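Novice: Here it is, the structure, as structure tokens.
The values are calculated or read from the model by the stated rules, or taken from the named source; none is laboratory data. A quick note: this is a predicted structure, and the numbers were derived from the prediction, not measured. A quick note on method: Cβ atoms are made from the backbone with ideal geometry, for glycine too, and the neighbour counts reach across all protein chains shown. Accessible surface is based on the protein model in full, side chains and every heavy atom, while ligands, DNA and RNA are left aside. Shrake-Rupley method; radii C 1.70, N 1.55, O 1.52, S 1.80 Å.
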Amino acid sequence: IIRTGSNTPVGTTYIFLLHEQNKNKVAVIDPGSSSDVVDAMDKLGFDSLHGILNTHHHWDHTDGNEHLKGKYDKCVVYGFEGDRRRIPGIDVDLKEGMSSELEDFFGEPVEVIETPGHTVGHIAFYFPNCKVAFVGDTVFAMGCGRLFEGTPQQMHNSMQKLVAKLPRDTTLYCAHEYTLSNAKFAVTVDPKNQALLARFKKVEALREQNMKTVPFTMEEELNTNPFLRCQDQDLKDCIGMSSVSDDSKVFAKVRALKDNF
């Protein structure tokens, strides 16, 4: 995990460097900063970058694409087919489902999961053999991404898709350190949730020491993320939606409350 940008408007961002040891290939996920990637490569002794995987087109995930392609001549950029015009340097178009291109690269299955909401062209990368998913700005610890392009219904559907596809012990890597802020909001809409209150204390202690809270598991999110608990009666009672049976409407209300928190 490369931690970068603590003084930028988006705060601390995480870039993920992956090393496929059998083929000795190196890939990076969402390189918002090329210099941080190059520094990490040098420290680890990697002299070649073979792939860039982008979850979506936003600058803080793609700013390093073209510089890295220029520096490492074997580097190939993978991104969602619908964002070809918005992802710098894209070479390989990806779509929903198991990716033969990424399986060839990593030597193991990789599933591309379309997760529109934060942007309309957002995707996640799931490695089922090791139960790891890179979810970009869709799921955060105790939160979800802002809806810059998509609708609450789309984001709710995307998060439920991930719940359906990913086992509870899947490790999730999101792209930003928003956990403490998310926790402070979560306890206002789900104050009776003992698992959430306990996690809040744990996160406060970690952040006081400037320690990261990423990654986390799907099970932790199911237990403590208000955007994945829209069916919970205590949460609905708290936000004045006690009799609402449509979880997507509850989601929209929680998202609106978070936007104004």
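Novice: Of the residues D104, D63, D83, D137, only one is among the charged types (D, E, K, R), out of contact with any Cys (no Cβ under 8 Å at 6 or more places or on another chain) and crowded, with 18+ Cβ neighbours inside 10 Å; which? Spell out how you get there, then give the answer.
Specialist: Working: D104 fails: crowded, with 18+ Cβ neighbours inside 10 Å; D63 fails: crowded, with 18+ Cβ neighbours inside 10 Å; D137 fails: out of contact with any Cys (no Cβ under 8 Å at 6 or more places or on another chain).
The unique qualifying residue is D83.
Novice: For region 184-209, name all the residues that are among the β-branched types (V, I, T) and within 19 Å of F251 (Cβ to Cβ). Walk me through how you get there before you give the answer.
Specialist: The first filter runs over region 184-209 and keeps only residues among the β-branched types (V, I, T), leaving 187-189, 203.
Correct list: V187, T188, V189.
Novice: What pairs come up if the first residue lies in region 192-204 and is farther than 12 Å from N223 by Cα, the second is of a type outside the set (D, E, K, R) and open to solvent by 40 Å² or more (accessible area, probe 1.4 Å), and their beta carbons are under 7 Å apart, counting only those six or more places apart or on different chains?
Specialist: V203/L180; E204/L180
Novice: Looking at region 84-96 only, could you name the residues that are under 19 Å from the mean Cα position of the chain (by Cα) and part of a strand (DSSP E or B)? Spell out how you get there, then give the answer.
Specialist: As a first pass, look at region 84-96 and keep what is under 19 Å from the mean Cα position of the chain (by Cα): 86-87, 94-96.
Once the filter is applied, which keeps residues that are under 19 Å from the mean Cα position of the chain (by Cα) and part of a strand (DSSP E or B), region 84-96 yields only L94.
Novice: Restricting attention to region 1-31, which residues are surrounded by fewer than 13 Cβ atoms within 10 Å (Cβ to Cβ) and modelled with pLDDT under 70? Let's see the steps before the verdict.
Specialist: Of the residues in region 1-31, the ones surrounded by fewer than 13 Cβ atoms within 10 Å (Cβ to Cβ) are 1, 6-9, 19, 21-24.
Answer for region 1-31, where residues must be surrounded by fewer than 13 Cβ atoms within 10 Å (Cβ to Cβ) and modelled with pLDDT under 70: S6, N7, T8, P9.
Novice: Additional query: Considering only helices (runs of 4 or more DSSP H) fully contained in region 1-83, which possess at least 3 residues that are within 21 Å of the chain's Cα centre (by Cα)? Step through it out loud before you land on a result.
Specialist: Details: elements: 34-44, 59-62, 65-71.
Answer list for region 1-83: 34-44, 59-62.
Novice: Given the condition open to solvent by 10 Å² or more (accessible area, probe 1.4 Å), touching a Leu at 6+ places or on another chain (Cβ under 8 Å) and either assigned to a helix (DSSP H, G or I) or more than 30 Å from L18 (Cβ to Cβ) (or both), answer yes or no: does some residue in region 211-223 qualify?
Specialist: yes
Novice: I'm trying to understand the selection: among the residues of region 140-169, which are hydrophobic (A, V, I, L, M, F, W, C) and touching a Cys at 6+ places or on another chain (Cβ under 8 Å)?
Specialist: Step one: of region 140-169, the residues hydrophobic (A, V, I, L, M, F, W, C) are 140-142, 144, 147-148, 155, 159, 162-164, 166.
Within region 140-169, F140, A141, M155, M159 meet the criteria.
Novice: I need the full set of residues from region 66-80 which are out of contact with any Asp or Glu (no Cβ under 6 Å at 6 or more places or on another chain) and open to solvent by less than 90 Å² (accessible area, probe 1.4 Å), in order please.
Specialist: At the first step, the residues of region 66-80 found to be out of contact with any Asp or Glu (no Cβ under 6 Å at 6 or more places or on another chain) are 66-75, 78-80.
L68, K69, G70, Y72, C75, Y78, G79, F80 - these are the residues of region 66-80 that are out of contact with any Asp or Glu (no Cβ under 6 Å at 6 or more places or on another chain) and open to solvent by less than 90 Å² (accessible area, probe 1.4 Å).
Novice: Taking K192 as meeting all but one of (1) closer than 25 Å to F16 by Cβ; (2) in a loop (DSSP other than H, G, I, E, B); (3) not acidic (D, E), write down the number of the exception.
Specialist: (1)
Novice: If you don't mind, there's one more thing I want to ask. Checking the structure you have, find out if any residue of region 177-189 is in contact with a Lys or Arg (Cβ under 6 Å, 6 or more places away or on another chain) and either at positive phi or not acidic (D, E) (or both).
Specialist: yes
Novice: Additional query: I'd like to know if region 186-195 contains one or more residues that are closer than 20 Å to T55 by Cβ, surrounded by 15 or more Cβ atoms within 10 Å (Cβ to Cβ) and touching a strand residue (DSSP E or B) at 6+ places or on another chain (Cβ under 8 Å). So that I can check it myself, show each step before the final result.
Specialist: Going residue by residue through region 186-195, those that are closer than 20 Å to T55 by Cβ are none.
Scanning region 186-195, I find no residue that is closer than 20 Å to T55 by Cβ, surrounded by 15 or more Cβ atoms within 10 Å (Cβ to Cβ) and touching a strand residue (DSSP E or B) at 6+ places or on another chain (Cβ under 8 Å), so the answer is no.
Novice: Next question, about the same structure. Take region 113-130 and flag every residue that is touching a Gly at 6+ places or on another chain (Cβ under 9 Å) and either assigned to a loop (DSSP other than H, G, I, E, B) or surrounded by 22 or more Cβ atoms within 10 Å (Cβ to Cβ) (or both). Let's see the steps before the verdict.
Specialist: Step one: of region 113-130, the residues touching a Gly at 6+ places or on another chain (Cβ under 9 Å) are 113-125.
Within region 113-130, T115, P116, G117, H118, T119, V120, G121, H122, I123, A124, F125 meet the criteria.
Novice: Condition test on S181, is it open to solvent by less than 50 Å² (accessible area, probe 1.4 Å) and among the polar types (S, T, N, Q)?
Specialist: Working: open to solvent by less than 50 Å² (accessible area, probe 1.4 Å): no; among the polar types (S, T, N, Q): yes.
Here the answer is no, as S181 does not meet what is asked.
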